[in-house]
């Protein structure tokens with residue numbers, strides 16, 4: 001079964017939230033006890049943002065804070081009041097708490113009430129999953145929806161200068177990620193930006209395959225366990241993600257009857273600066289350009305496709321097309337979407 005193309009939905013506006021000032025590699029390296037040069041060489045990301053203080057660990061911006069900020073921006077840009085929103089879908093791998101869901105907390109902060117509020121537990125593909133669910137809810141007559149995605153790192157990054165003692169497969173996670181959130185208003189008519197969603201690919205293909213990423217959650221009884229909180233099979237990711245990205249791109253193009261030359265902008269996977277470069281080298285170059293942000297924001301997980309969208313919309317002209325590709329290595333989820341400015 002190919003990508004879904006049945007329901008036409010439109011992205012009316014976007015919003016983003018990145019906490020505090022950018023943290024460069026020199027600052028992060030000093031805090032973690034690793035060299036700036038190692039971060040530059042291995043990851044290729046220049047800066048990222050944190051909603052917590054590197055020195056003390058004090059949390060200054062929660063995931064709910066960031067999602068509410070991004071959501072308010074998107075609603076304002078679309079010219080919508082809280083009463084105009086018919087549903088909320090939030091995707092994250094790092095909720096502030098298990099209950100109440102971060103999605104319901106954000107809805108409360110934005111003055112949204114008496115409407116469906118859903119939270120999806122997902123990694124890099126979460127924004128696409130939110131888009132897929134949002135289109136279905138539009139088709140069901142729910143009205144305009146607010147899609148949100150974001151992640152925070154305060155539980156998962158070491159705050160002392162001893163990270164250099166970690167195995168390399170763990171050390172990379174200390175320098176890969178950043179905090180952030182993004183949002184998009186999804187509507188049934190081409191108001192505001194008038195960017196049509198022409199197709200969505202959302203498929204888990206991990207049957208019989210070992211996970212490429214593992215994110216744990218500790219409770220009262222096991223908080224002192226020795227098992228790792230965050231683990232990635234980076235070698236598997238380096239091997240498989242570029243190949244899978246190409247397969248996603250060609251499947252989306254085939255389902256829409258588009259050729260590679262019909263695509264004006266490409267929104268590639270955003271694992272890291274180095275990995276994004278490796279992926280785009282294997283993909284056909286878009287007519288106008290690539291839309292990437294990971295070198296400045298770090299890997300913000302579920303926020304990244306929304307951050308890319310926020311950069312794309314001011315550039316996209318009538319008749320132009322864009323293709324987004326995301327790969328979630330947790331259980332090898334293939335995802336992407338196609339857009340056209342009407």
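The values are calculated or read from the model by the stated rules, or taken from the named source; none is laboratory data. From a predicted model like this one, the values you see are computed outputs, not experimental measurements. In this analysis, Cβ positions are derived from the backbone assuming ideal geometry, glycine residues included, and neighbour counts consider all displayed protein chains.
Some values worked out for this structure:
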{"item": "Residue in region 31-57 that is farthest from residue 145 (Cα to Cα), counting only those that are in contact with a helix residue (DSSP H, G or I) (Cβ under 9 Å, 6 or more places away or on another chain) and surrounded by fewer than 14 Cβ atoms within 10 Å (Cβ to Cβ)", "result": "37"}
{"item": "Hey, residue 126 at pLDDT 90 or above and assigned by TED's automatic domain parsing to the domain that holds residue 273 or not", "result": "no"}
{"item": "Listing of strands (runs of 3 or more DSSP E) fully contained in region 243-342 that carry 2 or more residues being touching a strand residue (DSSP E or B) at 6+ places or on another chain (Cβ under 7 Å) and under 21 Å from residue 120 (Cα atoms)", "result": "321-328, 333-341"}
{"item": "Those strands (runs of 3 or more DSSP E) lying entirely in region 188-232 with at least 2 residues surrounded by 19 or more Cβ atoms within 10 Å (Cβ to Cβ), at pLDDT 85 or above and in the same structural domain as residue 318 (by TED's automatic domain parsing)", "result": "195-204"}
{"item": "Qualifying residue in region 33-42 (condition: in contact with a strand residue (DSSP E or B) (Cβ under 9 Å, 6 or more places away or on another chain) and in contact (Cβ under 8 Å) with a residue 40 or more places away in the chain)", "result": "no"}
{"item": "Test: residue 60 is surrounded by fewer than 22 Cβ atoms within 10 Å (Cβ to Cβ), under 23 Å from the mean Cα position of the chain (by Cα) and not assigned by TED's automatic domain parsing to the domain that holds residue 305", "result": "yes"}
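A quick yes/no check of all residues on (1) touching a helix residue (DSSP H, G or I) at 6+ places or on another chain (Cβ under 7 Å); (2) free of Cβ contacts under 8 Å to residues at least 40 places away in the same chain; (3) not assigned by TED's automatic domain parsing to the domain that holds residue 172:
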site	(1), (2), (3)
244	no, no, yes
263	no, no, yes
288	no, yes, yes
299	yes, no, yes
318	no, yes, yes
